[in-house]
Ligand SMILES: *Cc1c(COP(=O)(O)O)cnc(C)c1O
């Protein structure tokens, strides 16, 4: 039998997080409000020429540069953050190098780190980011540090100065702040980019813009480093349909603002219900809430499913045993979601 590199052979089999998509899907933090109608209009207006040709990523990078107010040389458009993570980890992690992150967090970090043959160093964060733990575990071998802020699956947000302390203390490591949910909490390190040679920030169109299916991500960092990543980034990694929709998505900030306002209210409703039911939850700065159910978590997920609502059992994520992550729904969908949570808890 053919043998891929050793680090790939030892990876655990990947199970798609998508069990069933039959119902109201609150399992993957997608945008429950859909996407801007202007994006749909642009998709419907795609021409045969646009579809048959390779997309021009550079045009998209110019638009993002204007939107984020940073030079285009510091921007790499990717096929979602997942694609950015693969490029980034491959670039900075050689076999034996160390990847540092704190559990619980995004499951792609350990998976990609392991695939690169890196030594995966897992810290544990509580309510606060374990800054001192990060500093204590920094070594000459530490080449990549990955932090999602706000974090997934907890929804917790770390203080900007805490993050910068880590960036400051690790000048020889590439530090990635994954800001997939930054729009929900009004905190970003984008304005700090000019002050660091090792700070990278990832953004996505999958969440507040509602374009998860189109796949569009952004990696920003020092211009010299982004230039190096460009050398091996596949030239047509971003598809033409996604590129065509970028301008319409950015232009409809009213859609984004309305969605964010709804998600804030919906998260507070879920949290209030948890408090009433005596369930422990993590106060969320994103579009989902992590709730501790306990040993009955699988039964809870089943009970929600019977009511037509798909939620995510996060038990396989270290620190989230017995927990469920529920993506916040729209104002219109929320009464049904709250009723289902209430009934499912009673039933288990
Ligand atoms: C959802 C999410 C992403 C988004 O990934 P895409 O590939 O852009 O869809 C990235 N990071 C975290 C932490 C997420 O939760």
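A few points about this structure:
- Helix-only mean residue ellipticity at 222 nm for the chain, each DSSP H run of n ≥ 4 adding -39500 (n - 2.57), per residue, nearest 500: -12000 deg cm²/dmol
- In this label model, residue 231 and residue 124 are separated by 4.2 nm, measuring between points 7 Å along each Cα→Cβ vector.
- Annotation for residue 275 and residue 332: the two label points, set 7 Å from Cα along the Cα-Cβ direction, are 2.9 nm apart.
- Peptides 231-243, 97-109 ranked from most to least packed, by the mean per-residue count of other Cβ atoms within 10 Å: 97-109, 231-243.
- Calculation over all alpha carbon pairs of the range 186-310 in 5 angstrom steps from 0 returns a P(r) of 2, 8, 12, 14, 15, 15, 12, 10, 7, 4, 1 percent.
- Extension gain for the segment residue 195 to residue 258, taken as residue separation times 0.36 nm less the Cα-Cα distance, is 19.4 nm to one decimal.
- Calculation over all alpha carbon pairs of the range 18-111 in 5 angstrom steps from 0 returns a P(r) of 2, 8, 11, 14, 18, 18, 15, 8, 4, 1 percent.
- Its Cα gyration tensor gives the range 36-90 an equivalent ellipsoid; the semi-axes, largest first and in whole Å, are 24, 16, 12.
- Length gained when the stretch residue 295-residue 51 is fully extended (0.36 nm per residue, less Cα-Cα span): 82.9 nm
- Looking at the chain, the DSSP beta bridges with both ends there are about 45 percent antiparallel.
- Here each label is just a point 7 Å from Cα along the line to Cβ, and for residue 306 and residue 135 those points are 5.2 nm apart.
- Per the Debye calculation on the chain with a single equal scatterer at every Cα and no solvent contribution, log₁₀ I(q)/I(0) for q = 0.09 Å⁻¹ amounts to -0.50.
None of the figures in this text is laboratory data; all of them are computed from the coordinates on show. The shown structure was predicted, so the numbers you read here are calculated from the model rather than taken from an experiment. Glycine gets a Cβ as well: all are built from the backbone with ideal geometry, and neighbour counts include every protein chain shown.
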